[in-house]
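Here it is, the structure, as structure tokens.
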Amino acid sequence: MIPVKPHIAKRAHVHSLAHYEGLYRESIANPAGFWSTQAEALTWFHPPESVHQARIEEGEIAWFSGGKLNACYNCVDRHAETQPDKVAIVWAANEPGEYRKITYAELAREVGRMANVLKSHGVRRGDRVAIYLPMIPEVAFAMLACARIGAVHSVVFAGFSAEALRERILDADCAVVLTADEGLRGPKRIPLKETVDDAVEGLSVVRSVLVAKRTGAEVAMTPGRDYWLAEELAKERATCPVEWMDAEDPLFVLYTSGSTGKPKGVLHTTGGYMVYTAFTHRHVFDIHDDDVYFCAADAGWITGHSYIVYGPLANGTTTVMFESVPNYPDCGRYWQVVDDLEVSVFYTAPTAIRAVMRAGDEFVTRASRKSLRILGTVGEPINPEVWTWYHDVVGNGQAAVIDTWWQTETGGIMIAPLPGATPAKPGSATLPMFGIRPVLVDDEGTEIKGNGVSGNLCLAGSWPGQSRTILGDHQRFRSTYFTRFPGYYFTGDGCRRDEDGYYWITGRVDDVINVAGHRLGTAEIESALVAHEAAAEAAVVGFPHEIKGTGIYAFVIIRDDFSAEDPKALVGALRDQVRRVISPIATPDAIQIVSGLPKTRSGKIMRRILRQIAAGKTDDFGDISTLADPTIVEALIASSER
Ligand code: 7RM
């Protein structure tokens, strides 16, 4: 494959491959020196006393110990002082053409007021606050307000169900929940307050529910528990002192799916996370003072945390917050926003690109897009055809396409090209960030050296943005990430390193699937299905899906004592069950009612067989001799939904 030449060499921070290679070597040879220099980009109340300590096998990691700082101060106050009139956040509302520009000076006041509201509702340093908001500026104000007073936010994606929200509120012991009357997503209204009511019913931990007004819909308000956010804000002053936090004090917890049923509260701390997100945002997106940066993720995911809020604001950048969806009112919406705001850097998920690509080029070409210089992607592998369309059509062949690989647990981007330096190969996330050491290991944990090899992707050593623990369960943190391949952090992804040392992520090697850029555990979906009275057992696998990347296919065994009069209605009920228990994003695309599952004699489901059936690839199943009942395979094919 002929690599695509880097663009924008004139203004890039890192201007050639040789420049990248030199800096990379330096960062690996002297990580302490490298990262202490990067830490100087932040404002510290007290500088760090050491750079880094780690005992990887115990999952004990610390960066910048002894340092004191505040994330909100770094994102807001210092810019409000030096560039008060620069736009910090442009909110692109659900309706096209509707924008709200918030300067750094205004942001300081909004966040100060919000911090005072939280305090008046009893939130203290170290307390957890749940944020269940749509993409309105209040979501950023609330995150930053928590950071300001040393509270730990737990943003829950506003597409999650009441049950999922309740589980997260309980796990983190959140006394305050922020929400809105309703959310807007294109033509749809999302009844957020109603969902919160269901989630917190009977929960004594929740003292206050603060409700932002988005649509003005009539919602039930429980006296003594529910408060209109605007009324609470109106009572408060716009200034609030910052809490100086230790570098290793928690900044936030964010739940993510793993291979077991229970979501994990991934915890990030203050100093390392801030250094890493600011650093990677600046370098990967080649950020300069005049950039208008638009990341179309939701604040409920790590991409929203690191690359809508913390990274860009720490760098004093203008960051766009998008409330709507890519196909509202039509598939040209992104490019309309790009033209309206003169966006120079755009960042989204391959699933969104695939969705708008299908609608045809006219939706793209009717916008000028002349301000675009960098096009990023994240969340799943990007198919080379889609990469090429993004590059040629959206970017007019003029913008650098930056495929960024990383995870909730890594805090920030790990593997990505640098615009202006790294020749791209469509479909490859290319080369590691400074200070990052990807390692491929075989199933026995032996490192696979050299190029032109594949294996389990691990990361050696540590980096400042690395997650420090799973809230309330450090043992699970250790066993999930540090025991399978001792001495390394295990990512859960498979990966190939090609002849040029470029990395190609091949997808998860565990029971996690990536559906339309959302990370889901198959075990979670199975538990939701089995919680239905009709279901005895369920097995969920992914299958290739044109738009979502991966679709969800569920095999369900119905209980003997359950009489399903109408199989269609039963499948519908099972789908609703998953929607209700987890979220619409977890709804199976196909449900096949089966009488048995392909199990080995030791009782393990052979998922590889289910994956093949779900993909419609049933010509060769390889070795199935370990199955307890090999005839089951034929029966599964016969009743397949493909
Ligand atoms: C940022 C985010 C993490 C999982 C990860 C991968 C997959 C993410 C890419 C990718 C191929 C990419 N956090 N993934 N980025 N696969 N190329 N550029 O997505 O915690 O929600 O998901 O997503 O499998 O392990 S996440």
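Only the coordinates and a few stated rules stand behind these numbers; no lab work does. Only a predicted model underlies this, so the values are computations on that prediction, with no experimental measurement involved. Glycine gets a Cβ as well: all are built from the backbone with ideal geometry, and neighbour counts include every protein chain shown.
Provide the per-residue ³J(HN,Hα) series for the stretch 354-368, in order, calculated from phi with Karplus coefficients 6.51, -1.76, 1.60 and θ = phi - 60°, each as a whole number of Hz, with x at glycine and proline positions.
Each residue of the stretch 354-368 in turn: 4, 5, 7, 4, 4, 6, x, 5, 4, 5, 8, 6, 6, 9, 6 Hz.
How much of the DSSP beta bridge set in the chain is antiparallel, as a percent to the nearest 5?
Taking every DSSP beta bridge with both residues in the chain, the antiparallel ones total about 60 percent.
Report, by chain and number, residues whose modeled amide H sits under 5 Å from the one on residue 318, excluding near sequence neighbours (fewer than 5 apart, same chain).
Those qualifying (amide H under 5 Å, at least 5 residues apart or on another chain) are 293.
Mind checking which lysines have their Cα closer than 22 Å to the Cα of residue 262? Skip sequence neighbours fewer than 8 apart in that chain.
Those lysines meeting the cut-off are 604.
Can you grab the distance from the C-alpha centre of the stretch 302-325 to the C-alpha centre of the stretch 76-135, Å, no decimals?
Going from one Cα centre to the other spans 12 Å.
Now a separate question. So how far apart, in nm, are the two label points at residue 25 and residue 101 if each is 7 Å from Cα heading toward Cβ?
4.6 nm
DSSP loop chymotrypsin sites (Phe, Trp or Tyr not before Pro) in the stretch 137-172 with at most 13 other Cβ atoms within 10 Å of their Cβ, which ones?
Answer by residue number: there is no such site.
Given H placed 1.01 Å from N in the peptide plane, which residues other than close sequence neighbours of residue 412 have an amide H under 5 Å from its amide H?
When sequence neighbours closer than 5 places are left aside, the close amide H contacts are 407.
³J(HN,Hα) across the stretch 22-28 via Karplus (A = 6.51, B = -1.76, C = 1.60, θ = phi - 60°), whole Hz, x for Gly/Pro?
These are the phi-based 3J(HN,Hα) values: x, 5, 4, 4, 4, 5, 7 Hz.
I would also like to ask the following. What FRET efficiency, computed as 1/(1 + (r/R0)^6) with R0 = 35 Å and r the Cβ-Cβ distance, is obtained for residue 45 and residue 119, rounded to the nearest 0.05?
Working from the Cβ atoms, E equals 0.95.
Any idea how far the Cα center of the stretch 337-398 sits from the one of the stretch 573-642, in Å?
Computed from Cα coordinates, the inter-centre distance equals 36 Å.
Beta carbons within 10 angstrom, averaged per residue: use that to sort the peptides 470-481, 592-603, 247-258, highest first.
247-258, 470-481, 592-603
Beta carbons within 10 angstrom, averaged per residue: use that to sort the peptides 633-639, 619-625, highest first.
Ranking the peptides 633-639, 619-625 by packing returns 633-639, 619-625.
Placing +1 at every Lys and Arg Cβ and -1 at every Asp and Glu Cβ, with all other atoms neutral, what dipole size does the chain have around its Cα centre, in debye to the nearest 20?
700 debye
Taking amide H positions as placed in the peptide plane 1.01 Å from N, state which residues far from residue 183 in sequence (5 or more) or on other chains have amide H under 5 Å from it.
190, 192
Something else now. If the cut-off is 16 Å between C-alpha atoms, which aspartates and glutamates fall inside it for residue 449, apart from same-chain ones fewer than 8 positions away?
Leaving aside aspartates and glutamates fewer than 8 places away in the same chain, those within reach of residue 449 are 498, 499, 500.
Another question about this same structure. Go through the stretch 315-328 residue by residue and turn each phi into a ³J(HN,Hα) via Karplus (6.51, -1.76, 1.60, θ = phi - 60°); whole Hz please, and just put x for glycine and proline.
With the stated coefficients, the stretch 315-328 comes to 8, x, 8, 7, 10, 8, 10, 10, 7, 8, 10, x, 10, 10 Hz.
Treat the count of other C-beta atoms within 10 Å as a stand-in for reagent exposure and order 408, 446 from fewest to most.
In increasing order of surrounding Cβ atoms, one gets 446, 408.
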